[in-house]
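The values are calculated or read from the model by the stated rules, or taken from the named source; none is laboratory data. Note that the coordinates shown come from a computational prediction; the quantities given were computed from them, not determined experimentally. All Cβ positions, even for glycine, are placed from backbone atoms using ideal geometry, and neighbour counts span all protein chains on display.
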Amino acid sequence: MQSYSLFAPAKINLHLEIIGHRADGYHELVMIMQSVNLGDKIHLRANGTDNIRLYCQNPEVPLDNSNLAYKAVTLMQEKFPKAARNFGGVDITIEKNIPVSAGLAGGSTNGAGVLVGINLMWSLGLTQPELRDLASLLGSDVPFCISGGTSIATGRGEEIEPLSDLTDIWVILAKYSNLGVSTPWAYNAYRQQYEQFYVSDGKEVKSRTHQVHSGELVKAITNKDSKAIGRLLYNDLEKVVLPEYPAVSELITAFRNENVLGAMMSGSGPTVFALCTTEQEATSIAQKVQNSINDPNLNCWVAQMCPHGIITIED
Ligand code: ATP
């Protein structure tokens, strides 16, 4: 086929723990990642030229070669030059629903979507593990975005191990449109304050990772125990982001004061998420918090945990 449309879900982190330094300059992480059904639509079309052309109506999204969707096509052209010559350039249209610079892996899931789409369009027959290997060349969150669902991600985030699917939990996502947190800033700030606690010995790193694998949150996920999942949410980056952005901290408190299962910052923020047992409850709590904070910059979305990453959709 000459064109494909894909749905690219956002992610939240149910657990984000920074363990130490890596030789490649990244942080050693152990995370539990979860896809949610708030996502972007990506349309790919062979354009009969040699060019990659990118379209997106959201002005915050770069339309040049810094866009992860663009980088994904370039990567595929480098790895599969013969197919690239046969099929020529690509038009990519991104319908952006995921807020930008929000800690929801918006750019990463677009990159993942393009890898999956090009694999189909060029009939390359790459498997999910092969796609995830390519994805790790684009960024740490991209491999998870390929397969999605519920997973433990280790290393710099690129080593993915699936956990049992969660679907019966509703997620309120809340973000101030006038707030963005730079991911590199958050990790650097964490390094400056907590480097003395970093673990570098391979054995210790493995043991910390193992603690999460055999820990309470993974048990709660396996047992689909929503209450325990809400209670056990954890994010190291809150330690540096919340003091710097008190509005984010107040937003978490506002959700915790309602009848939610748990509330936390996602990734490096500033998006806050709150977990609820029903859609109705999520919608009414989102409304209540919006009314009480009464700031026109505060946006809320209600989504559901979803068991997949990139999927193809009808045009
Ligand atoms: P992560 O959670 O992976 O750190 P994020 O959700 O915090 O990412 P993004 O929405 O990916 O943040 O945006 C971060 C930066 O990436 C933006 O400032 C934007 O310039 C750039 N970017 C590159 N490609 C895209 C894309 N396809 N969509 C959105 N932003 C993109």
Report task. State whether one or more residues within the range 42-53 are part of a helix (DSSP H, G or I) and of a type outside the set (Ser, Thr, Tyr). Result -> no
Report summary line: Expected single match for within 16 Å of GLY309 (Cα to Cα), away from the ligand (no atom under 11 Å from the Cβ), surrounded by fewer than 24 Cβ atoms within 10 Å (Cβ to Cβ) and in contact (Cβ under 8 Å) with a residue 12 or more places away in the chain among ASN119, ASN86 is ASN119
Query raised in the report: Among SER164, SER249, which is touching a residue at least 24 places away in the same chain (Cβ under 8 Å) and not in a strand (DSSP E or B)?
Result: SER164
**Report entry** Options GLY157, GLY139, GLY180, GLY113; residue that is within 16 Å of the ligand (Cβ to nearest atom) and in a helix (DSSP H, G or I)
**Finding:** GLY113
Report task. Check VAL181, VAL212 and return the single one that is over 19 Å from GLY155 (Cβ atoms), at pLDDT below 95 and within 20 Å of the chain's Cα centre (by Cα). Result -> VAL181
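A quick yes/no check of all residues on (1) outside the structural domain of GLY107 (by TED's automatic domain parsing); (2) in contact (Cβ under 8 Å) with a residue 60 or more places away in the chain; (3) crowded, with 20+ Cβ neighbours inside 10 Å; (4) farther than 22 Å from VAL36 by Cβ:
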{"site": "GLN192", "(1), (2), (3), (4)": "yes, no, no, yes"}
{"site": "VAL199", "(1), (2), (3), (4)": "yes, yes, no, yes"}
{"site": "SER214", "(1), (2), (3), (4)": "yes, no, no, yes"}
{"site": "THR222", "(1), (2), (3), (4)": "yes, no, no, no"}
{"site": "ASP225", "(1), (2), (3), (4)": "yes, no, no, no"}
{"site": "LEU232", "(1), (2), (3), (4)": "yes, yes, no, no"}
{"site": "SER268", "(1), (2), (3), (4)": "yes, yes, yes, no"}
Requested in this report: Please go through the range 298-310 and pick out each residue that is surrounded by fewer than 22 Cβ atoms within 10 Å (Cβ to Cβ) and out of contact with any helix residue (DSSP H, G or I) (no Cβ under 9 Å at 6 or more places or on another chain).
Outcome: PRO307
